[in-house]
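The values are calculated or read from the model by the stated rules, or taken from the named source; none is laboratory data. Remember, it's a predicted structure, so these values are computed and weren't measured experimentally. Counting neighbours? That spans all protein chains shown, and the Cβs are built from the backbone with ideal geometry, glycine included.
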């Protein structure tokens, strides 16, 4: 996979990903088609192999870690974040940021994880 190769080629010390439960995500009729088209298992397998090959630590964060709901600036957890909210707006500090970018910052900061590669 070209994306996995590109990511692991940048000589990172570690990569952190969420432990996605695809079977639960498939229950959402709005997401299931898009999820089927992505092969998360194959991508994760390639990522594990490339990380091992290139000596990059691969960290897995628990499924229930609130990476999308936590403000990456102040740490406030938003209870009412909907799946279609693409911009994260913090009610505490006022931060407005792309939801996925916010989650990626939180994953980078995660303190509890399992190392699999």
Checked 43, 116, 105 against criteria (out of contact with any helix residue (DSSP H, G or I) (no Cβ under 7 Å at 6 or more places or on another chain) and either over 15 Å from residue 15 (Cβ atoms) or surrounded by 12 or more Cβ atoms within 10 Å (Cβ to Cβ) (or both)); the one match is 105
Cβ pairs under 6 Å, 6+ apart or interchain, first in segment 47-61 and in contact (Cβ under 8 Å) with a residue 60 or more places away in the chain and at positive phi, second surrounded by 20 or more Cβ atoms within 10 Å (Cβ to Cβ) and part of a helix (DSSP H, G or I), ordered by first then second residue, are none
- Does any residue of segment 60-71 turn out to be at pLDDT below 95 and part of a loop (DSSP other than H, G, I, E, B)? yes
Matching residues in segment 55-86 (surrounded by fewer than 14 Cβ atoms within 10 Å (Cβ to Cβ), over 17 Å from residue 99 (Cβ atoms) and in contact with a strand residue (DSSP E or B) (Cβ under 9 Å, 6 or more places away or on another chain)) number 2
Say whether the condition of being more than 22 Å from residue 81 (Cβ to Cβ), in a loop (DSSP other than H, G, I, E, B) and either touching a strand residue (DSSP E or B) at 6+ places or on another chain (Cβ under 6 Å) or modelled with pLDDT of 90 or more (or both) is met by at least one residue in segment 41-54. yes
Of the residues in segment 76-89, those that are modelled with pLDDT of 95 or more and out of contact with any helix residue (DSSP H, G or I) (no Cβ under 9 Å at 6 or more places or on another chain) come to 76, 77, 78, 89
If we ask which residues in segment 88-117 are under 16 Å from the mean Cα position of the chain (by Cα) and either closer than 10 Å to residue 73 by Cα or part of a strand (DSSP E or B) (or both), their number turns out to be 8
